[in-house]
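**Student:** First, the structure itself, so that you have it in front of you.
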Amino acid sequence: NLEKALELYNKGLEISEQLVTEVSTTESKRDLSVSYNNVAGIYEAIGGKENLEKALELYNKGLEISEQILESEKTVQAYEDLIVSLYNIATHEYTSKNTAIEFLHEALRIANMLYDNTKMVRHQNIVSILINELNKRTEI
């Protein structure tokens, strides 16, 4: 039930926002970014113009936090979170084709850098997913 999921995720989002206000740590900020993305995903799944607009707004808030975290902490987790935020916006139905391609290229650049440095299979898989998404958007 998406409505119940939205209710529960919004409660989690409220807790995350309060935590960042009270104890602004990297982890609490990351939790807030993840909460924004989770709630956005539910709005996107419900669909409809108003919900899709709300989802894109929340995805952008998650992206903003991911970028802030990365400015202060260059960890694998911070880079992965940024990739997720870029991907979520790029694949959103209201995102323009040019913006989607730009965000996917940036996510791919980061994913390639991660794979080059870690040689982790999950980073290689992320690279493949991003290439597939780019190919979908650039086919003639």
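The values are calculated or read from the model by the stated rules, or taken from the named source; none is laboratory data. Since this is a predicted model, take the numbers as computed values, not measurements. Counting neighbours? That spans all protein chains shown, and the Cβs are built from the backbone with ideal geometry, glycine included. Keep in mind that these areas ignore ligands, DNA and RNA; they rest on the heavy atoms of the full protein, side chains included. Shrake-Rupley method; radii C 1.70, N 1.55, O 1.52, S 1.80 Å.
**Student:** Which residues make up the longest stretch of the chain that has no trypsin sites (Lys or Arg not before Pro) in a DSSP loop with at most 10 other Cβ atoms within 10 Å? List each step's numbers first, then the result.
**Tutor:** Working: sites that count: K74, K119.
The longest uninterrupted stretch comes out as 1-73.
**Student:** Still on this model: Below 23 Å Cα-Cα, how many Lys pairs turn up in the range 46-140? Only count pairs eight or more apart in sequence, or on different chains, if you could.
**Tutor:** Close lysine pairs under the 23 Å cut-off: 7.
**Student:** Compute the accessible area per residue over the chain, keeping the other protein chains in place, probe 1.4 Å, unit Å².
**Tutor:** 58
**Student:** Farthest toward the dipole's positive end in the chain, which of N112, I46, A5, given Cβ charges of +1 (Lys, Arg) and -1 (Asp, Glu) about the Cα centre?
**Tutor:** Final value for the positive-end residue is N112.
**Student:** Using the crude model of +1 on Lys and Arg Cβ and -1 on Asp and Glu Cβ, and no other charge, please compute the dipole size for the chain relative to its Cα centre, in debye to 20.
**Tutor:** Value, rounded to 20: 440 debye.
**Student:** Which one of L104, L52, L19 has the biggest mean-square fluctuation once the chain is modelled by GNM with Cα springs under 10 Å?
**Tutor:** L19
**Student:** If DNA, RNA and ligands are ignored and the probe is 1.4 Å, what is the ranking of D81, D116 by accessible area, most exposed first?
**Tutor:** D116, D81
**Student:** Here's something else I'd like to know. Shape of the chain from its Cα gyration tensor (a ≥ b ≥ c, root eigenvalues): rounded if a/c is under 1.5, otherwise prolate when a/b > b/c, or oblate? Write out the running numbers ahead of the final one.
**Tutor:** On the way: a/c = 2.12, a/b = 1.18, b/c = 1.80.
In terms of gyration-tensor shape, oblate.
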